[in-house]
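The values are calculated or read from the model by the stated rules, or taken from the named source; none is laboratory data. All of these numbers come straight from a predicted model, not from anything done at the bench. Using ideal geometry, Cβ is built from the backbone for each residue, glycine included, and neighbour counts are taken over all protein chains shown. Please note that ligands, DNA and RNA were not included when accessible areas were found on the heavy atoms of the full protein model with its side chains. Shrake-Rupley method; radii C 1.70, N 1.55, O 1.52, S 1.80 Å.
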Amino acid sequence: MRNKIIFGFAFIVTYSIQVAHAEFLNMGSAEIIMLLVAGIIFFGFFGGIFMLIYFLIRRNRTHPQIMPNTVAINFVPPTAYQNPPVDEKTDKKEPIKINARIALPQQNEIRYVNTNEIIRCEADNNYTNFFFSGGDKLLISKPLKEYSDLLKPQGFVRAHQSHLVNPKFVKSWLKEDGGTLLMDNGDKIPVSKPNREMVKEVLGK
């Protein structure tokens, strides 16, 4: 069966070639020329397409192009955040509180007073004497250092180891004994040598 199919296929091909050859011999000169021209155009067209595809493939291999959707990424590390410079000359003094109150414990009561009523404080061993603008005086059973730390933010100044004064009640600076403060109530407060410049600066020199 297989041999018959092969024989039949070969017979058809041979017959077709003979018919085409006979037809070609029966053609006139004009028909042969037109057939040749058509063949040239046909092979030229497809040959040109083939050559164009060949050159495009070759070009892509030698000069790879960047895809239009490609995004260049810069991996430069971001600049480290820098804190703004701090002015070292900035005044760091705590603001003076106006009309602040403090508690002064006594044996039978706790007295609340406005700091702007205190003229000065004077150490008496482990006790502290408070002198007020109205002429009152209180003896508190706590050392002066404790009230010095409490009243310095209110503007009080340590003129001497034993004296803490309110600058608003300082009347004048006396040059006797190297430096003495005259208070509004007539009290004289000695100024120790280590504290002179600091006291003058507070008073405005």
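Converting phi to 3J(HN,Hα) with the Karplus coefficients 6.51, -1.76 and 1.60 and the offset θ = phi - 60°, region 167-184 yields x, 5, 9, 7, 8, 6, 9, 9, 7, 6, 6, x, x, 9, 9, 9, 8, 4 Hz in sequence order, with x at every glycine or proline.
Here the gap between GLU117 and ASP187, fully extended at 0.36 nm per residue and compared with their Cα-Cα distance, gives a gain of 23.6 nm.
A simple spin-label model places pseudo-atoms 7 Å from Cα toward Cβ; at LYS142 and TRP173 they are separated by 3.1 nm.
Rg/Rh, computed from the Cα trace of region 90-189 with Rh as the Kirkwood radius, has the value 0.96.
Taking Lys and Arg as +1 and Asp and Glu as -1, the other residues whose beta-carbon sits under 14 Å from that of PRO143 total -1.
Of the listed residues MET34, MET198, the order by accessible area with a 1.4 Å probe, largest first, is MET34, MET198. Here the accessible area is traced with a 1.4 Å probe on the protein chains. For region 102-205, carbon and sulfur cover 44 percent of it. Site pair ILE49 and ALA103 shows an inter-label distance of 10.3 nm when each label is modelled 7 Å from Cα along Cα→Cβ. The mean of 1/r over all pairs of different alpha-carbon atoms in region 139-201, once inverted, gives a Kirkwood hydrodynamic radius of 12.1 Å.
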